[in-house]
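Taking it in order: structure first as structure tokens, then the write-up.
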Amino acid sequence: MSQLLVPTLREDPSEAEIVSHKLLLRAGYIKKVAAGIYTYLPLGLKVLQNVTNIVREEMNRAGAQEIFMPVLLPAELWRQTGRWEQYGKELFRVKDRHEREFCLGPTHEEIITELVRDSVRSYKELPLNLYQIQTKFRDEIRPRFGLMRGREFMMKDSYSFHASEEDLDREYKKMYETYCRIFQRMGLEYCVTKADSGLIGGGFSEEFHVIADAGEEELPNGKRGIEVGHIFKLGTKYSEKMGCMYMDENNKEKPMVMGCYGIGVARTAQAAIEQNHDKDGILWPIPLAPYQVAIVPVNAEEKEQFEVAEKIYSDCKASFATTGFDVLLDDRAGRIGAKLKDMDLIGIPIKIIVGPKGLKENKIEIKTRKSGEVKLVAIDRVREELTNVWNICDFG
RNA sequence: CGGAGCAUGGCUCAGUUUGGUAGAGCGCCUGGUUCGGGACCAGGAGGCCGUGGGUUCAAAUCCCGCUGCUCCGACCA
């Protein structure tokens, strides 16, 4: 850890207003570059990857196929649906050296519709659900609250294509269930509400909200929510405008019926903090934490402590190999108090503290962040103890 | 875009009203004493005070412009 870039701050940065934003900055997860534009530091990136890994696993499980579309999109495609004009100032527009117009993609209905139009002909090739995890650009009127409303942000967006309304309904329901699984696996308290489809358009949509005080929207039951997911039944809005047709069993040409489904990746991570924190810092749900376990020698310069810490570290590392979990060794020279404060701020769920008191009896301490509970455990039983902790959370 | 506020070492801020060679705490570096929940002592580095103009013998401070950032409203994952 001594070489890991984690610039923790002792005071709240003045640029942040809500607690999750303050904590992201204080705990060294992100660094602002401009309004609504952030660099993800090593810890921030790890959390983002934890989110995208869960999303990817569940999307794949649901039979969706991952693709990757460009960020830079030609104006021509947007003119076909009229959204080049409609989207207004929120669209980041650029020109190439030949004065040809492009935009930085805020969403990808046009592009995916063109793709499917040009590569799918028959009802036999449907249904199809394609997704990507990618950076989106929207020149928000007012970026705010850190990763909550950025101008550049990571999103999972997927689009489904069907031969009938009934088949769209089936897939929509499947995506609904998939989203439930995703937010459940992340350990988040969420709810679903009917929503306005806005500029995306289409018939019917629902929003997934993580419940939190600082949410941007008032939910029907009085609580506030942070919108982290949105699923839409698009119908034939895009397929008709762009001529995305298929041949049915009777050799008749019909427009494909579409759905689309988004998840705000970084926003979900921040919402998790907004929902899970205390006065000392972040309380990550175990699957989202950048490291599930931190091993903290009371004095890293004491040879015996450090060797035991290293041993436990490599054991943990080995036993985590297939889980996607990670362990951190705090080899910094600082005092124990400062190191533990940092770990609490960062939000590591489990601390293994190696100190002289315990070592006298060949024991270490396992302390859980959330409850503050401390358990004295024999060194050779650390692994078994940890598996008890993991059983609490759903691996999916 | 309308309304409000802010901009001074890496971070949090004082100094601006009443112009006179730039301060504190935290962090950082050195040495020492410490060492189980953000230690203490001593020494040290680090700032054209957001930017451009103006007033003045003299501007962080007064005046005008610009830029950036934050908050409140309308749009959205």
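The values are calculated or read from the model by the stated rules, or taken from the named source; none is laboratory data. On a predicted model such as this, the values are computed, not experimentally measured, just so you know. So basically every Cβ, Gly included, is an ideal-geometry build from the backbone, and we count neighbours across all protein chains shown. Surface areas here come from the heavy atoms of the whole protein model, side chains and all, with no ligands, DNA or RNA. Shrake-Rupley method; radii C 1.70, N 1.55, O 1.52, S 1.80 Å.
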Rolling a 1.4 Å sphere over the protein heavy atoms, what is the accessible area per residue of region A:238-283, to the nearest Å²? 37
Sequence-distant residues sharing a close amide H with A:Phe92 (under 5 Å, placed H): A:Leu104, A:Asp139
I'd like to compare A:137-146, A:342-351: which one has the highest average count of other Cβ atoms within 10 Å, and what's the full order after that? A:342-351, A:137-146
Contour minus Cα-Cα span, A:Met247 to A:Glu189, at 0.36 nm per residue, comes to 16.5 nm
Taking 0.36 nm per residue of sequence separation and subtracting the Cα-Cα distance, how much length would be gained by fully extending the chain between A:Ser164 and A:Asn299, in nm to one decimal? 42.0 nm
Rule-of-thumb check for region A:112-162: C-alpha Rg over 2.2 N^0.38 Å? 1.59
Calculated log₁₀ intensity ratio I(q)/I(0) where the Debye formula runs over C-alpha points of region A:293-390, q = 0.10, 0.11, 0.18, 0.21 Å⁻¹: -0.22, -0.27, -0.77, -1.09
For region A:43-150, what is the largest minus smallest coordinate of the Cα atoms on each principal axis, given in angstrom and ordered from greatest to least? 45, 42, 24
Cross-link pairs A:Lys174/A:Lys370; A:Lys136/A:Lys223; A:Lys194/A:Lys370; A:Lys317/A:Lys339; A:Lys32/A:Lys367; A:Lys173/A:Lys252 - those with Cα-Cα distance over 24 Å: A:Lys174/A:Lys370; A:Lys136/A:Lys223; A:Lys194/A:Lys370; A:Lys32/A:Lys367; A:Lys173/A:Lys252
Using alpha-carbon positions, what is the distance between the centroids of region A:284-348 and region A:102-151, in Å? 39
So what is the accessible area of region A:293-390 per residue, in Å², with the probe set to 1.4 Å? 51
Given Cα positions, please report Rg to Rh for region A:186-338, the hydrodynamic radius being the Kirkwood one. 1.23
Over all Cα pairs of chain A, how is the pair count split among 10 Å bins, expressed in % and running from 0 up to the last occupied bin? 5, 21, 27, 22, 14, 8, 3, 0, 0
At 1.4 Å probe size, with the rest of the protein present, what percent of the exposed accessible area of region A:19-278 is carbon and sulfur atoms? 49
Taking the 0 to 90 degree range and rounding to the nearest ten, how far is the long axis of helix A:265-275 tilted relative to the main principal axis of chain A, both from C-alpha atoms? 50
Suppose accessible area is computed on protein heavy atoms with a 1.4 Å probe; arrange A:Lys233, A:Lys252 from highest to lowest. A:Lys252, A:Lys233
